[in-house]
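In what follows, a single structure is set out as structure tokens and then discussed.
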Amino acid sequence: MPKVLLGDVAHEHKETCKGSKDGYPIVGLEHLIPEEITLTTWDEGRENTFTKMFRKGNVLFGRRRAYLKKAAVAPFDGICSGDITVIEADPDKILPELLPFVIQNDDLFDFAVGKSAGSLSPRVKWEHLKNYEFELPDMDKQIELAELLWAIDETKKAYQELIAATDELVKSQFIGHADNRRLTVCASEGRCA
């Protein structure tokens with residue numbers, strides 16, 4: 001399988017919002033959840049100084065403190081922090097649906113941490129990220145891989161939702177038992193009103 005550089009198959013999307021920011025969702029580093037491939041939180045209608053635009057399908061990479069492993073694919077157009085590098089796939093070279101998985105992996109984050117500069121708040125630049133080397137199969141295999149990886153991600157999310165629902169069920173059982181116990185004690189002591 002041939003090796004490529006990230007900069008051979010993707011580029012930094014550089015677009016600035018020059019007009020009104022009304023109607024654009026706002027994404028800061030706090031909205032990128034470590035090791036999550038999709039963006040699930042953002043702000044709307046909040047005053048901010050951000051002007052960097054991103055487009056649906058771009059990958060938002062948290063360039064500050066790369067060891068936190070923050071990178072997610074954007075489900076819409078919006079505006080983001082300057083501490084986010086916006087990465088866009090070159091669709092004739094890499095399947096855009098595969099790019100988020102190329103970026104959201106431990107090897108790339110290790111590479112990014114190694115290239116980061118600064119002591120209190122280290123940042124990595126696209127000029128360094130674009131030199132990340134990885135194996136890239138042909139387009140047919142990329143399609144297979146992307147379908148498989150997104151299916152795994154959906155299964156993981158369904159499992160997380162099941163765990164959260166189970167936790168809520170268990171909590172409600174404890175609360176219900178505690179309420180019933182209070183009523184039983186209250187009734188046995190003749191204090192219920």
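The values are calculated or read from the model by the stated rules, or taken from the named source; none is laboratory data. Computed from a predicted model, the values in this text were never measured in an experiment. Every residue, glycine as well, gets a Cβ built from its backbone with ideal geometry; the counts of neighbours run over all protein chains shown. Accessible surface is based on the protein model in full, side chains and every heavy atom, while ligands, DNA and RNA are left aside. Shrake-Rupley method; radii C 1.70, N 1.55, O 1.52, S 1.80 Å.
For the stretch 36-65, the set of residues classified as in a loop (DSSP other than H, G, I, E, B), touching a His at 6+ places or on another chain (Cβ under 9 Å), open to solvent by less than 60 Å² (accessible area, probe 1.4 Å) and of a type in the set (A, V, I, L, M, F, W, C) consists of Leu39 only.
Return yes when Ser119 is modelled with pLDDT under 95 and either closer than 11 Å to Val9 by Cα or open to solvent by 50 Å² or more (accessible area, probe 1.4 Å) (or both) and no when it is not. Yes: the conditions hold for Ser119.
Within the stretch 147-160, can one find any residue that is of a type in the set (Lys, Arg), within 18 Å of the chain's Cα centre (by Cα), within 30 Å of Glu36 (Cβ to Cβ) and at pLDDT 70 or above? Scanning the stretch 147-160, I find at least one residue that is of a type in the set (Lys, Arg), within 18 Å of the chain's Cα centre (by Cα), within 30 Å of Glu36 (Cβ to Cβ) and at pLDDT 70 or above, so the answer is yes. Taken together, the residues in the stretch 1-32 that are within 17 Å of Gly82 (Cα to Cα) and in a loop (DSSP other than H, G, I, E, B) amount to 10.
Conditions (1) farther than 26 Å from Arg55 by Cβ; (2) in contact with a Phe, Trp or Tyr (Cβ under 8 Å, 6 or more places away or on another chain), marked per residue:
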| residue | (1), (2) |
| --- | --- |
| Phe101 | no, no |
| Asn105 | no, no |
| Ala112 | no, yes |
| Leu120 | yes, no |
| Val124 | no, no |
| Leu129 | no, yes |
| Ile143 | no, no |
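For the stretch 107-128, the set of residues classified as part of a helix (DSSP H, G or I), in contact (Cβ under 8 Å) with a residue 12 or more places away in the chain and more than 16 Å from Lys3 (Cβ to Cβ) consists of Phe109, Ala112, Val113, Lys115, Trp126, His128, listed by residue number. Of all residues in the stretch 78-105, those that are touching a residue at least 24 places away in the same chain (Cβ under 8 Å) and open to solvent by 20 Å² or more (accessible area, probe 1.4 Å) total 10.
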